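Undergrad: Pasting a structure here, questions to come.
The values are calculated or read from the model by the stated rules, or taken from the named source; none is laboratory data. None of the values given here were measured: they were computed from a predicted structure. We place every Cβ from the backbone using ideal geometry, glycine too, and count neighbours over all the protein chains shown. All accessible areas refer to the heavy atoms of the entire protein, side chains included, with ligands and DNA or RNA removed. Shrake-Rupley method; radii C 1.70, N 1.55, O 1.52, S 1.80 Å.
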Amino acid sequence: MAEHGEWSQKGATLSDVTAETEYGVSSSFIVEGIQTARLEYRDGAMWGNPCLRILRSQLERYITEELGEGYLVRVKNETELRKIKKEISDLKKKLKALEIRKAVLEDSLKQ
């Protein structure tokens, strides 16, 4: 089982809801892993809503055992690609705003 320090490391844990979005697994899949003692959990609450905190390393190991290494790699790549696309979109919006500001400043200097 996990060492106590692993629970306090940044990014080492995730909620059951985050696991569903990042890894595409259902809450019943997570509960099954908890019931079979392959996943440790801690009770938590976010914004007053109860949730389960699980260790990312154990979840990835459990997904690999149940669904295969290929599934885990594919889902992780899809998640990373989604984050990259979002960041590119945000940067494009920021660049557009900066270009508009640059044009305004250049116009004011010409006068």
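Undergrad: Among the residues of the range 77-90, write down those that are open to solvent by 100 Å² or more (accessible area, probe 1.4 Å) and more than 30 Å from Phe29 (Cα to Cα).
TA: Glu87, the sole residue that qualifies.
Undergrad: Okay, moving on. Pick from Leu59, Leu52: which is hydrophobic (A, V, I, L, M, F, W, C), touching a helix residue (DSSP H, G or I) at 6+ places or on another chain (Cβ under 9 Å) and at pLDDT 95 or above?
TA: Every option except Leu59 fails the conditions.
Undergrad: Taking the range 17-48 as the search range and keeping residues that are in contact with a helix residue (DSSP H, G or I) (Cβ under 7 Å, 6 or more places away or on another chain) and among the polar types (S, T, N, Q), which one is farthest from Tyr71 (Cα to Cα)?
TA: In this case the residue turns out to be Ser27.
Undergrad: Quick one: in the range 34-63, of everything that is open to solvent by 40 Å² or more (accessible area, probe 1.4 Å) and aromatic (Phe, Trp, Tyr), which residue is farthest from Lys76 (Cα to Cα)?
TA: This residue is Trp47.
Undergrad: Right, another one. Select from the range 34-69 the residues that are farther than 24 Å from Leu81 by Cα, outside any helix (DSSP H, G or I) and touching a strand residue (DSSP E or B) at 6+ places or on another chain (Cβ under 9 Å) and list them in ascending order.
TA: Leu39, Glu40, Tyr41, Arg42, Asp43, Gly44, Ala45, Met46, Pro50, Cys51, Leu52, Arg53
Undergrad: Those residues that are in a helix (DSSP H, G or I) and of a type outside the set (Asp, Glu), I need them from the range 1-11; list them, please.
TA: Within the range 1-11, His4, Gly5, Trp7, Ser8 qualify.
Undergrad: Out of Val25, Val31, which single residue is assigned to a helix (DSSP H, G or I) and not polar (S, T, N, Q)?
TA: Checking each option against the conditions leaves just Val31.
Undergrad: I would also like to ask the following. Going by the structure shown, is Arg74 free of Cβ contacts under 8 Å to residues at least 60 places away in the same chain, over 24 Å from Gln9 (Cα atoms), basic (Lys, Arg) and open to solvent by 100 Å² or more (accessible area, probe 1.4 Å)?
TA: Here the answer is yes, as Arg74 does meet what is asked.
Undergrad: Just to be sure before I move on: is Leu14 of a type outside the set (S, T, N, Q), part of a helix (DSSP H, G or I), surrounded by 15 or more Cβ atoms within 10 Å (Cβ to Cβ) and touching a helix residue (DSSP H, G or I) at 6+ places or on another chain (Cβ under 6 Å) in the structure I sent?
TA: no
Undergrad: If we keep just the residues of the range 17-33 that are among the acidic types (Asp, Glu) and under 19 Å from Lys83 (Cβ atoms), which is least open to solvent (accessible area, probe 1.4 Å)? Don't jump to the end; show me each part of the working.
TA: Kept after step one, since they are among the acidic types (Asp, Glu), are these residues of the range 17-33: 20, 22, 32.
Now narrow it down to the ones that are under 19 Å from Lys83 (Cβ atoms): 20, 22.
Details: Glu20: 68, Glu22: 40 Å².
Within the range 17-33, the match that is least open to solvent (accessible area, probe 1.4 Å) is Glu22.
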